[in-house]
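Encoded as structure tokens, the structure appears first; notes follow it.
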Amino acid sequence: MTEEAKSTELPSELRYIQYEHALEKQYLPSIRALISKDLSEPYSIYVYRYFLYQWGDLCYMALDPKTNTMIGVVVCKLETHQSHSPPTLRGYIAMLAVSSTHRNHGIATTLVRKAIDAMIARNADEVVLETEETNIPAMKLYERLGFLRSKKLHRYYLNGNSAYRLVLHLKRTQDMVGDVGSWVR
Amino acid sequence: MHSDGVSVLSQQVAGLGIDDGPNKPSAFGAYEQEPPSAPKLQSKGVIAMDITEQFTNAAQKLDVGQLIKDPDFTLFESVGALEIMDPKMDSGFLEPGETMEDDYDFSQALLPEEIIGIIDQLLCHEMAWHMGYPLSQTIFTSLYIDRLLMPTPTSLEQTYFDKGGSCSVDEPLTLQVLRAYCLGLIKTCWFVNNRVRSEHYYEEEDFVTHTYNRSLLDRLDHEQILKLLEETIELLSGSDKMLPEVKSALSCRLRFRAKFLRTVEMAPSRTTPGLKAVWNELLDFLPELKLSSKLGKPVPKSFSVKVQRKLASTVPPRPIAQVSQEAAFDHLERLCRDASVVVEVLEYHDSHSLFTFVMLFQARKPQPSVYVRTLLQHYLFGDMIILGTMSIRQIIDEDLASTVLPANKLLDRGNDDIEVPTDPRFNMASRMELFRSRAAGTYLDILRTICQNRCRIRRTLCHTISDWDNLQLDAEEIDQDLRQFTKEEPIVDRAISSEPIYAFPLSSWAYFYKLRQMEWIVQMGFELEIYQPDELPTMYWYLQYLAKTRARHLERIRACLMRNVSASRSRIRTTQGGDEYTTALAFNNFSTLEAAATYGFADALSSLFAVLARLSLLPVLPRPYSDAATRYDVRMKPFLSISLPEPIPPAELEELVAQPRESPLALLSFAAESVAAAKRAFEILAKLGPAEAFCQGYHEGWAQNVRESLKACIFAGVSIAAVKRAVEATGGKGQIRLRVDIPKAGERYHDWWVVPKVVPLA
């Protein structure tokens, strides 16, 4: 958080909207710009479309109501996960970004909550993500919502930093079904 | 990063526009009219045909952004996708006026000081590679190295930098020094790379062995290179054209390189005596290297980020790794020191000491580097011969004897010679062989696991404890089966149980190791900062629960050992049998004491944190999306599938941890007693000799570990007393005037013991 950031006035009421494919032309360029600012290596357009085309409804954007400028975005996916244990319907928060001048106003928290709520509505069993060990604000945000660190991942990022895997169970383990269940039918 | 605001962003957005009109230039616009002809494929059964038109037609039926995806095409693969003409993704993209290759004159003479500068920069790159950066961002960015490796030389004659002139006569001495050094460097990397690659490690996470299709001089023999280094040292000593200190700095670098190359060539040998001395001799070069480094003059132009474009890699050039000279020397120094210690593992004492050695060596801070860790793995397991001299059976049998089966007929080698199927000894031999084949891999996996990076150790243990759970169950069957041949007499003691008690030696052994690993999982959780402050009461409670379970299990093993004294009397009378018995009892005593120190300290911290939580002195998070039960499932996941010890249900666990019926003062008194008991146990441990503490070969490191635990324990006593005083001061009324700081890993006396710092507030 910079000094400059604190001085920025937050628009009184941000507009939060759910993404859909029809909005691609209007918003994808700003989504990409916002997210790639925090990345050392850019994602190709394909990565964005991988998420947005398949799980557009799990993407939320925060916009300035007057200028329609993009201030924040969260990008997710939700699918059946199968590895060592019984399958679960696992949500994954892939990208979260808020413009540096608008941080510390709870925008990221609101975006993440909207995404989790959408996942709950789709019968998700759990939500996971990775975050850089040095990204204390991100870790605090998720831990305040109820996530726990489940493991540490050594040198997970290209810059050599390690990560934590954060996990949130939305149900007791025995109640997890591993698919969308009645939501589809 | 932080300075750009929305205005900068909007400019960037403009560059990312998505066009969807049909006016886009055709796919092969760059080729003017005709697309290039189809590649000529020479493969049986493959007929190449041009599908450009079909593809273009099909693509035009899609919306912009519409995705046609194979269900098996994963996120991982999509992240690998590249965008052509994006400078950050397209390795062939050139800025206007930029050239593909560097324009560097290899025939130019260099000052001797510049040679020092280049050599020292190469050492920074070499150490950066050891730290985990790829060759492409380190050593391979040197234009001289590139010149040596491309095209691949098959003889020393092909390694001259100046490929023009009639090389051998024309080569200036300075360039010969640099060339000899570079050849030695690359060959050193070849040995290191081969070592790392043959062991268990994680590519990119631990180390990058990728050579981008370049050969690290596999076709040149290291003896040839050593000879060139020696000749160059000789030639240099006869030169009178340099300042003496510069000459000696260059000579030192050449001798250092020759020594390093010889060392990594010898290091994998498990039978060469004096390896420790070899590493120490390498270390002896460091003071002079450091001191003369200031004579060097950097030649930044001889390194280029662009070399990466010529490498077999899909990623565009990444920045050159920056590791300072000081950090490079530090890393090299640690590498030599760690390597000189790790060779001591080859001197085998007993199986428990071996485990202690590996566990504590790996816990050194900072953790020994990947090369040293792979050397350790090689010493331990190379060619399936433990430490180069022992069979896997030898080490397992010794471990069984010193834990549960001292002087026992089940481990009698003579049983193997019996060929009569009805003979009990024949059957014991075959059942034990069955058990060994079942247990060997799982047992050795513990050692292999603790050779990994700290994060991986914990992650892997979380998975492998279920193997131990299964092994314990299988061993139970073998134990029962064996009874018909051993004619084991059970302990019948109505005071303990109405059922007869059998020893179950094999499953007891498996249970012991399973409990140890469960404790390590929790302890490494503290070290890796997995737990949030308000989880600490529960996690220390769980640690004491595991350690107490181990202590009780050791008590049971001990009872069976004592019981067996009469049954094995004749064996115990032999010298070997007697020694085995003494060792097993000594190990039982030692592990019991160690468990007591652990559960005492863990009990104390659990109670202390429970009080702090009750007094609202630990941060409480709102956590709208989880509750105690769902968090319990996440936290206890590795343990929930384990049959023994049984998981404790969440509500019960919460009550056991919080102890709501006890007053804060009662809990603090209990914490004070527990911590005092733990302190006594650590003090006794600190006085044990190498044999009694089962840390032969690593006693110094072990003793330091105990001292650090003891310090943490004393500090905990101080914190408990401070909280107690503050609680007493309020007389149960009003707000407690305290601030609680939870020290981070690295800032504690011992990373496994999170002792809060309690500061009274005015």
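The values are calculated or read from the model by the stated rules, or taken from the named source; none is laboratory data. Here the structure is a predicted model, which means the values were calculated and not measured. When we count neighbours, we look across all protein chains shown, and the Cβ atoms used for this are built from the backbone with ideal geometry, even at glycine. Calculation scope for accessible area: heavy atoms of the full protein, side chains included, ligands and nucleic acids excluded. Shrake-Rupley method; radii C 1.70, N 1.55, O 1.52, S 1.80 Å.
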The convex hull of the Cα atoms of segment B:391-760, divided by residue count, gives a volume in Å³ per residue of 155 Å³
What translational diffusion coefficient, in µm²/s and rounded to a whole number, does the Stokes-Einstein relation yield for segment B:529-688 at 25 °C and a viscosity of 0.890 mPa s, taking the hydrodynamic radius as the Kirkwood radius over Cα pairs?
-> 135 µm²/s
Relative contact order of chain B, pairs being alpha-carbon contacts under 8 Å that are 6 or more residues apart, as % = 11 percent
Quantify how strongly other chains surround peptide B:75-81 by giving the mean number of their Cβ atoms within 10 Å of each of its Cβ atoms.
-> 5
Sorting B:Leu617, B:Leu149 by accessible area (1.4 Å probe), largest first, what list results?
-> B:Leu617, B:Leu149
From the phi of every residue in segment B:83-99, what ³J(HN,Hα) in whole Hz does the Karplus formula 6.51 cos²θ - 1.76 cosθ + 1.60 yield, where θ is phi - 60° and glycine or proline is x?
-> 10, 5, 6, 9, x, 7, 10, 9, 6, x, 6, 10, 5, x, x, 7, 9
Each residue of segment B:285-294 in order: what ³J(HN,Hα) in whole Hz does its phi give by Karplus 6.51 cos²θ - 1.76 cosθ + 1.60, θ = phi - 60°, with x for Gly and Pro?
-> 6, 4, x, 5, 4, 5, 4, 8, 4, 5
Around B:Arg373: net Lys/Arg minus Asp/Glu count, Cβ-Cβ under 10 Å | -3
If B:His130, B:His699 are ordered by their accessible area, calculated over protein heavy atoms with a 1.4 Å probe, which sequence runs from highest to lowest?
-> B:His699, B:His130
When you look at the Cβ of every residue in A:53-62, what mean number of other chain Cβ atoms sits within 10 Å?
-> 1
Determine the sum of side-chain charges near B:Asp469: Lys and Arg each +1, Asp and Glu each -1, restricted to other residues whose C-beta is under 12 angstrom from that of B:Asp469.
-> -3
State in Å² the accessible area per residue of segment A:3-183; use a 1.4 Å probe, count heavy atoms of protein chains only, and round to the nearest integer.
-> 42 Å²
So, for the Cα atoms of segment B:499-584, Rg and Dmax in Å stand at 17.8, 56
Expressed as cubic angstrom per residue, what is the convex hull volume of the alpha carbon set of segment B:48-189?
-> 232 Å³
Which GluC sites (Glu not before Pro) from segment B:663-751 combine a DSSP loop assignment with at most 11 other Cβ atoms within 10 Å?
-> B:Glu747
When the convex hull of its Cα atoms is projected in every direction, mean area for segment A:3-183 (nm²) | 11.3 nm²
Compute the Cα gyration tensor for the protein assembly as shown, then decide on rounded, prolate or oblate, letting a ≥ b ≥ c be the square roots of its eigenvalues: rounded whenever a/c is under 1.5, prolate when a/b is larger than b/c in the other cases, and oblate in all that remain.
-> oblate
Mean projection area, nm², convex hull over Cα of segment B:504-546 = 3.0 nm²
Starting from the Cα gyration tensor of segment B:112-323, take the square roots of the eigenvalues, sort them a ≥ b ≥ c, and report rounded, prolate or oblate (rounded when a/c is under 1.5, otherwise prolate if a/b is larger than b/c, else oblate).
-> rounded
Take the solvent-accessible surface of the protein heavy atoms, probe 1.4 Å, and return the percent of it on the protein assembly as shown that carbon and sulfur atoms account for.
-> 53 percent
Return one number: the angle in degrees, 0 to 90 and rounded to the nearest 10, between the long axis of the Cα atoms of helix B:173-197 and the longest principal axis of the Cα atoms of chain B.
-> 40 degrees
Taking Lys and Arg as +1 and Asp and Glu as -1, residues besides B:Thr389 with C-beta under 12 Å from its C-beta add up to -1
To the nearest 10 square angstrom, what accessible area does B:Tyr371 show with a 1.4 Å probe?
-> 0 Å²
Semi-axes of chain B from the Cα gyration tensor (sqrt of 5 times each eigenvalue, largest first, whole Å) come to 55, 37, 31
Once phi is turned into θ = phi - 60°, what whole-Hz ³J(HN,Hα) does the Karplus curve with 6.51, -1.76 and 1.60 give for every residue of segment B:425-441, x standing for Gly and Pro?
-> 5, 4, 5, 5, 4, 5, 5, 5, 5, 4, 5, 4, 5, 6, 9, 3, x
Quick one: ranking B:Phe504, B:Phe426 by accessible area, 1.4 Å probe, largest first, what do you get?
-> B:Phe426, B:Phe504
Per principal axis, descending, Cα span of segment B:457-608 in whole Å = 55, 35, 28
Hey, how many Å between the Cα centroid of segment B:511-556 and the Cα centroid of segment B:220-277?
-> 50 Å
Provide the descending list of Cα extents for segment B:316-420 along its principal axes, expressed in whole angstroms.
-> 71, 29, 19
How far is helix A:107-121 tilted off the main Cα axis of chain A, in degrees rounded to 10, range 0 to 90?
-> 30 degrees
Residue-level accessible surface for A:Lys171, protein heavy atoms, 1.4 Å, Å² = 40 Å²
For the pairing of chain A with chain B, what total accessible surface becomes buried, with a 1.4 angstrom probe, in square angstrom to the nearest 100?
-> 5600 Å²
So who's got an amide H within less than 5 Å of the one on A:Ile71, skipping anything under 5 residues away but keeping other chains? H placed 1.01 Å off N, in plane.
-> A:Ala62, A:Leu63, A:Asp64
Sparsely packed trypsin sites (Lys or Arg not before Pro) within segment B:174-257, loop by DSSP, other Cβ within 10 Å at most 14 | B:Arg219, B:Lys241
